[in-house]
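The values are calculated or read from the model by the stated rules, or taken from the named source; none is laboratory data. Because the structure is a prediction, the values reported are computed rather than measured. Note: ideal-geometry Cβ built from the backbone for every residue, glycine included; neighbour counts use all protein chains shown. Please note that ligands, DNA and RNA were not included when accessible areas were found on the heavy atoms of the full protein model with its side chains. Shrake-Rupley method; radii C 1.70, N 1.55, O 1.52, S 1.80 Å.
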Amino acid sequence: MAEFDLVVRGGEVATGLGTMHCDIGVKAGRIVALGEKLDAASPSISAEGLLVLPGGVDTHCHIEEAQPGGVAEESFVTASRSAFAGGTTSVVCFIPQWKGGGVLERHADASARAQKGMVDYGFHQIIADPTDEVLEKEIPQLVAKGIRSLKVFLTYDNVHLNDAEYLKVLVAARKNGCLVTVHCENYDAINWRTKALLAAGLTAPKYHAWSRPPVVEREATHRAIALAELVDQPIQVFHVSCAEVAEEIARAQARGVKVWGETCPQYLTLTAADMDRPGLEGAKFMCSPAPRDAAEHERMWEVIRKGTLDVISSDHCAFSFEGDKGKAQNGRDAVFRDIPNGIPGLAARLPILFSEGVSKGRISLDDFVRLTATNPARIMGLATRKGRIAIGADADLVIWDPHARRTITNAMMQHVVDYTPYEGLEVVGWPQVTIRRGEVVMRDGVVQAEPGTSQFLPRGPYDFIKPRGVLANGFDAARAG
Ligand code: URP
Ligand code: ZN
Ligand code: ZN
């Protein structure tokens with residue numbers, strides 16, 4: 001009788017602490033053995049001459065988020081295809097809150113949508129309206145359902161929080177053992193500059209970057225960290241776009257503050273000049289914060305190497321270019337303020353990171369594994385199951401050809417939208433096979449997973465995000481207030 005359901009044979013297994021040449025034995029969806037010449041009678045797949053990486057963990061994905069105007073184009077089924085095509089096996093995405101509404105009321109809807117997909121998933125809960133009801137009654141119920149991170153925006157109409165509201169969320173997070181993830185840009189500063197730009201007739205997509213220069217991100221990051229430090233609540237700063245923002249994080253980390261920084265492939269490859277392409281083409285590169293410039297990319301690699309930024313997610317937020325939900329929905333002459341922000345990146349994340357990082361010698365293979373799988377799983381409380389190749393972990397594996405050369409096209413991304421901002425980018429390193437919980441779900445670009453096979457990843461309390469117990473004047477306002 002076969003000892004294993006699957007053996008991945010003869011690969012160079014990347015542990016995040018070096019590689020080892022061994023077989024991986026899988027039973028009931030988990031890794032149960034790492035060794036040489038594992039049971040010959042078991043079904044097997046060869047990884048000879050290839051790397052075996054932990055399945056990618058992408059902890060910042062906007063998938064099928066319901067909005068008052070309708071649902072995003074990318075469904076959990078299409079996003080799962082895209083994830084598997086690029087070697088990602090777990091995502092953490094978002095449950096929205098609409099102003100005036102609660103958070104629990106959206107939970108069942110978001111869960112029902114995610115259950116239809118194939119990629120394993122957890123949720124961040126967006127807090128856009130921190131009422132007493134939400135903070136005191138609903139958040140504890142969400143936590144009981146396995147949600148351990150709250151997401152706040154310091155900019156964007158309809159969702160941004162002011163300092164008093166942000167403080168309330170930090171306190172609620174601390175009381176309930178949640179992480180807070182933060183979009184750091186200054187709402188009022190961006191609005192002020194946007195009005196001035198539009199009044200001056202500067203309306204093209206490239207002025208999106210002018211409306212939100214690095215200083216608005218740096219200021220909001222500084223403030224987000226300072227208030228989190230005051231409450232003694234750990235936070236993760238999302239999508240850091242430039243080194244001067246990372247330096248705010250580094251300074252806080254040096255003080256011992258529990259703050260982690262995330263960046264995304266767009267801040268290592270795209271530039272503000274991409275938004276200056278003719279007509280509305282530049283809209284294809286519009287995301288917030290805005291891409292900076294090529295010199296900034298190198299500074300970002302430096303802070304990644306230093307460990308200031310320890311997670312690289314996609315911030316997958318897919319809008320087509322054409323169509324009534326697309327970037328061009330308000331016409332070819334739309335002013336930048338009226339063009340949806342966000343770009344697709346689920347499938348592109350690992351190949352771009354591997355190519356720009358490992359193949360070009362900017363980071364090691366260990367760094368790559370930590371940045372794309374181990375650290376995101378650890379920070380989000382998923383480390384027992386996800387993000388590493390170890391006995392007992394889920395058998396989420398990617399057989400990776402480090403020498404394969406590809407030129408990225410939209411079709412290769414397998415997402416629902418009609419473009420990729422990375423069209424034409426040449427990469428070295430590509431996923432050959434993706435395995436989710438022991439099942440081959442992608443081989444040579446063909447995704448073969450059944451919709452409805454995803455699993456929710458509940459997150460319990462975890463030590464990594466415990467407050468430090470360091471309080472200004474020794475006074476715990478969060479307990480007293
Ligand atoms: O432009 C972006 N990043 N859109 C997605 C929403 C967000 O801010 O994360
Ligand atoms: Zn954001
Ligand atoms: Zn986002």
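Just a few scattered comments:
- Nearest-ten-degree value, helix 214-231 long axis tilted from longest Cα axis of the chain: 80
- The mean accessible area for residues of the chain, using a 1.4 Å probe and ignoring ligands and nucleic acids, is 37 Å² per residue.
- Approximating the spin labels as points 7 Å out from Cα along Cα→Cβ, the residue 366-to-residue 448 distance works out to 3.6 nm.
- Label-point separation in nm, residue 198 to residue 34, each point 7 Å along Cα→Cβ: 5.5
- Total formal charge among the other residues, if their Cβ is under 9 angstrom from that of residue 38, Lys/Arg +1 and Asp/Glu -1: -2
- Rg/Rh (Cα only; Kirkwood hydrodynamic radius) as it applies to segment 164-241: 1.10
- Pairwise Cα distances in segment 100-193 exceed 15 Å in 61 percent of cases.
- Share of pairwise Cα-Cα distances greater than 16 Å in segment 41-102 is 60 percent (whole percent).
- Using the Cβ-Cβ distance between residue 298 and residue 1 with R0 set to 45 Å, the FRET efficiency works out to roughly 0.25.
- Relative to the longest principal axis of the Cα atoms of the chain, helix 294-306 runs at roughly 60 degrees.
- Rg and Dmax of segment 1-113, both derived from C-alpha coordinates alone, stand at 19.5, 60 Å.
- Note: relative contact order over segment 59-382, using C-alpha pairs below 8 Å and six or more positions apart, is 17 percent.
- Segment 236-276-segment 43-89 distance, computed between alpha-carbon centres (Å): 23
- Placing R0 at 22 angstrom, the Cβ-Cβ distance between residue 426 and residue 329 gives a FRET efficiency of 0.10 after rounding to 0.05.
- 10 °C / 1.306 mPa s Stokes-Einstein diffusion coefficient of segment 309-386, Kirkwood radius on C-alpha pairs, µm²/s: 108
- Full extension of the segment from residue 281 to residue 157, taken as 0.36 nm per residue of separation minus the current Cα-Cα distance, would add 42.2 nm.
- Kirkwood hydrodynamic radius (C-alpha pairs) into Stokes-Einstein, segment 59-382, 4 °C and 1.567 mPa s, D in µm²/s: 65
- Applying 0.36 nm per residue to the separation of residue 468 and residue 144 and subtracting their alpha-carbon distance, the gain on full extension is 114.3 nm.
- Modelled spin-label separation between residue 254 and residue 46, with each label point placed 7 Å from Cα along the Cα-to-Cβ direction: 5.3 nm.
- When the pairs 137/168; 168/327; 27/386; 145/386; 258/386; 258/360 are compared against a 24 Å limit on Cα-Cα distance, 168/327; 258/360 fall above it.
- Formal net charge of residues neighbouring residue 116 (Cβ-Cβ distance under 11 Å; K, R +1; D, E -1): -1
- Using alpha-carbon coordinates, inclination of helix 76-85 to the longest axis of the chain, degrees: 60
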